[in-house]
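The values are calculated or read from the model by the stated rules, or taken from the named source; none is laboratory data. These figures come from a predicted structure and were not determined experimentally. Counting neighbours? That spans all protein chains shown, and the Cβs are built from the backbone with ideal geometry, glycine included. Note: accessible area is taken over every heavy atom of the protein model, side chains too, but ligands, DNA and RNA are not part of it. Shrake-Rupley method; radii C 1.70, N 1.55, O 1.52, S 1.80 Å.
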Amino acid sequence: MLKIVSAKVIVTCPGRNFVTLKIETSDGVTGLGDATLSGRELAVASYLTDHLVPCLIGRDAHTIEDTWQYFYRGAYWRRGPVTMSAIAAVDMALWDIKAKVAGLPLYQLLGGKSRDGAMVYTHANGNTIEETLEKAQKYIAEGYKAVRLQSGVPGLKATYGVGKAGKPYDPADSDIPSEYSWSSEKYLRSVPELFKKARDVLGWDVHLLHDVHHRLTPIEAARLGKELEPYRLFWLEDAVTAENQANFRLIRQHTVTPLAVGEVFNSIWDCKQLIEEQLIDYIRATVVHAGGITHLRRIAALADIYNVRTGCHGATDLSPVSMAAALHFDVSIPNFGIQEWMHHAEVTDEVFRRTYSYKDGALHPGEGPGLGVELDEALAAKYPYKRAYLPVNRLEDGSLTNW
Ligand code: CS2
Ligand code: MG
C-alpha cells in the first residue's frame with residue numbers, strides 16, 4: 001500500500017492561469033495533475049480542495065482505476081468540465097506517482113512506444129493572408145510537418161485565433177469577457193482564398209489545418225468543407241457545435257474534408273455517436289478536460305475500432321503537465337493522429353520544468369521516471385491568480401453566438 005498523505009492545489013499565473021494538483025505519498029513520492037479550465041479555474045480548484053482532497057488522504061496511490069471510479073460514480077452528479085477536470089488532475093498525478101515508483105517514463109506503463117515521437121502542429125496566424133503564410137514558412141523551416149492557419153477576416157475588426165499586434169495569442173484576455181463581432185458570410189468568403197494561396201506558397205509537403213471554432217451551421221460547414229477539398233486539409237476543426245452529435249451527419253454527406261472535434265468534450269458520452277457513426281476523423285478530447293489518462297484511453301480505444309484517430313487539444317491553457325501526459329499517451333496508443341502544440345510562454349516553462357522536447361516536427365515525452373514535469377512552487381507563488389475570461393461573440397445584429 002502506498003498511502004496518500006497529502007494533496008494540495010497550486011494556482012499560479014506565469015503568463016496565464018494554471019491549476020495544478022500535487023499529491024504526496026508515504027514514501028515521499030509526489031505526482032502532479034493539471035486541473036486548468038480556462039475562465040473557470042477557481043471552480044476546479046475548489047472542487048479539488050473542498051471535495052476531493054479530503055477523500056484522497058489515506059487512499060492507496062496505486063489504485064488508479066478504483067480512485068477514478070470512486071470520484072466519478074461517487075459524485076452522483078456525473079460528467080461536466082469541472083468534475084472531469086478535477087478527476088483528470090487526480091488521475092494524472094496518480095499515474096505520475098506509479099511511473100516514478102516503477103522508475104519508468106509513463107509511456108512504458110501504457111504499453112510502451114508505438115512511435116518514437118508525436119507529430120505536432122503549431123499555430124500560424126496573422127491579420128492578413130501574407131502575414132499568416134510568412135509565419136507558416138518560419139515554422140516549416142523549423143521542421144514542422146503540420147501548421148494550423150488562421151487569418152484575419154476582411155470586414156471584421158478581430159477574429160478567433162489571430163493575436164493582437166503580434167503578441168502571442170491567448171484568448172483569456174480580460175477580467176470581464178471581451179466582446180467580439182462575427183459574420184459567417186465574411187468569414188466564408190475569406191477562408192478558401194487563404195488555403196488556395198497557402199498551397200501556392202507552401203506547397204503540398206506540409207499538413208494544413210484550420211479551426212472554425214464552433215461558428216458555422218451544418219450547411220455552412222458543408223459548403224466550406226467542399227470548397228476546401230482541392231487544398232486537401234489535414235482537418236477542419238470544430239466546424240459546428242457538437243452537443244447535437246447528429247450535426248455532423250449533414251456535413252459528412254457533402255464533403256470529404258477530414259473533420260476534427262472534441263476539445264470541449266469531457267467524457268466518452270460526448271463523442272460516442274460521432275465515433276460509432278464515423279462522423280469525424282479525429283477526436284480532440286484532452287487529458288485534462290476528459291477525465292485524465294484513464295478515461296482518454298477508453299475514448300481512444302473506442303475511436304480505434306471506427307478508424308478515428310486522436311488529435312489532442314494542446315493550447316496554452318493546458319499546462320505543461322497536461323502536455324507531458326498527452327505525449328506519453330500519444331506515443332503509446334495505436335491510433336495516434338496528431339498533437340496540437342501551441343508553445344507556452346517562457347515564464348510558464350520556468351515554473352513548470354518539463355523534459356519533453358521538440359525535434360523534426362515531433363515532441364518526445366522524455367525518458368525520465370513519471371510524467372517528466374516538476375513544478376517550482378517558490379517561483380509559482382510569485383505569479384498570483386489573475387481572473388481572466390474567454391471572450392464572448394456576437395453576430396453583427398447583436399445576437400450572441402459561439403466564440
Ligand atoms: C483552440 C483553443 O487550440 C485550439 O484549437 O480551440 O485555443 C481554444 O480557443 C482555447 O483552448 C480556449 O481556452
Ligand atoms: Mg480548437
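Take the residues in region 165-177 that are more than 22 Å from the chain's Cα centre (by Cα) and either within 16 Å of ligand 2 (Cβ to nearest atom) or at pLDDT 90 or above (or both), then tell me which one is farthest from Thr401 (Cα to Cα).
From region 165-177, those more than 22 Å from the chain's Cα centre (by Cα) are 165-166, 175-176; that's our starting set.
Adding the requirement that they be either within 16 Å of ligand 2 (Cβ to nearest atom) or at pLDDT 90 or above (or both) leaves 175-176.
Working: Asp175: 20, Ile176: 17 Å.
Result: Asp175.
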Residue among Tyr180, Tyr121 that alone is within 15 Å of ligand 1 (Cβ to nearest atom), more than 21 Å from the chain's Cα centre (by Cα) and not assigned by TED's automatic domain parsing to the domain that holds Cys13: Tyr180
So Phe195 clears everything in (1) within 16 Å of ligand 1 (Cβ to nearest atom); (2) more than 16 Å from Asn393 (Cβ to Cβ) except one condition, right? Which one? (1)
Might you check whether a residue that is open to solvent by less than 40 Å² (accessible area, probe 1.4 Å), within 16 Å of ligand 1 (Cβ to nearest atom) and not assigned by TED's automatic domain parsing to the domain that holds Ala45 occurs anywhere in region 367-387? no
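Take Asn402 and tell me if it is open to solvent by less than 10 Å² (accessible area, probe 1.4 Å) and within 16 Å of ligand 1 (Cβ to nearest atom). I'd like the intermediate steps shown before the answer.
Details: open to solvent by less than 10 Å² (accessible area, probe 1.4 Å): no; within 16 Å of ligand 1 (Cβ to nearest atom): yes.
Against the criterion (open to solvent by less than 10 Å² (accessible area, probe 1.4 Å) and within 16 Å of ligand 1 (Cβ to nearest atom)), Asn402 does not qualify.
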Determine whether Arg148 is charged (D, E, K, R) and either within 18 Å of Glu237 (Cβ to Cβ) or buried (at least 21 other Cβ atoms within 10 Å of the Cβ) (or both). yes
Residues in region 317-327: is at least one at pLDDT below 95 and among the charged types (D, E, K, R)? yes
Within region 333-355, the residues that are open to solvent by 10 Å² or more (accessible area, probe 1.4 Å) and either in a helix (DSSP H, G or I) or among the hydroxyl-bearing types (Ser, Thr, Tyr) (or both) are Glu346, Val347, Asp349, Glu350, Thr355
Residue under question is Asn266, and the condition is that it be open to solvent by 10 Å² or more (accessible area, probe 1.4 Å) and touching a Lys or Arg at 6+ places or on another chain (Cβ under 7 Å); does it hold? yes
Every residue from region 132-145 that is surrounded by 17 or more Cβ atoms within 10 Å (Cβ to Cβ), in contact (Cβ under 8 Å) with a residue 24 or more places away in the chain and in a helix (DSSP H, G or I): Thr132, Leu133, Ala136, Ile140
Contacts under 7 angstrom Cβ, first residue in region 204-227 being over 23 Å from Gly126 (Cβ atoms), partner polar (S, T, N, Q) and away from ligand 2 (no atom under 15 Å from the Cβ), 6 or more apart: Pro218/Asn247; Glu220/Ser184; Ala222/Thr255; Gly225/Thr255; Gly225/Thr257; Lys226/Thr255
With the requirement that a residue be more than 14 Å from Pro81 (Cβ to Cβ), open to solvent by less than 10 Å² (accessible area, probe 1.4 Å) and outside any helix (DSSP H, G or I), what does region 288-314 give you? Val308, Thr310, Gly311, Cys312, Gly314
The one condition Gly161 fails out of (1) touching a Leu at 6+ places or on another chain (Cβ under 7 Å); (2) in a loop (DSSP other than H, G, I, E, B); (3) not acidic (Asp, Glu) is (1)
Test result for Gly163, surrounded by fewer than 20 Cβ atoms within 10 Å (Cβ to Cβ) and on the phi > 0 side of the Ramachandran plot: no
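Which one is surrounded by the most Cβ atoms within 10 Å (Cβ to Cβ), of the residues in region 33-72 that are in contact (Cβ under 8 Å) with a residue 60 or more places away in the chain and part of a loop (DSSP other than H, G, I, E, B)?
From region 33-72, those in contact (Cβ under 8 Å) with a residue 60 or more places away in the chain are 33-39, 41-42, 62, 64-65, 68, 72; that's our starting set.
Still in the list and also part of a loop (DSSP other than H, G, I, E, B): 35-39, 62.
Numbers: Ala35: 32, Thr36: 25, Leu37: 25, Ser38: 20, Gly39: 15, His62: 15.
This residue is Ala35.
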Scan Glu24, Glu65 and give me the residue that is in the same structural domain as Thr83 (by TED's automatic domain parsing) and farther than 23 Å from Thr286 by Cα. Glu24
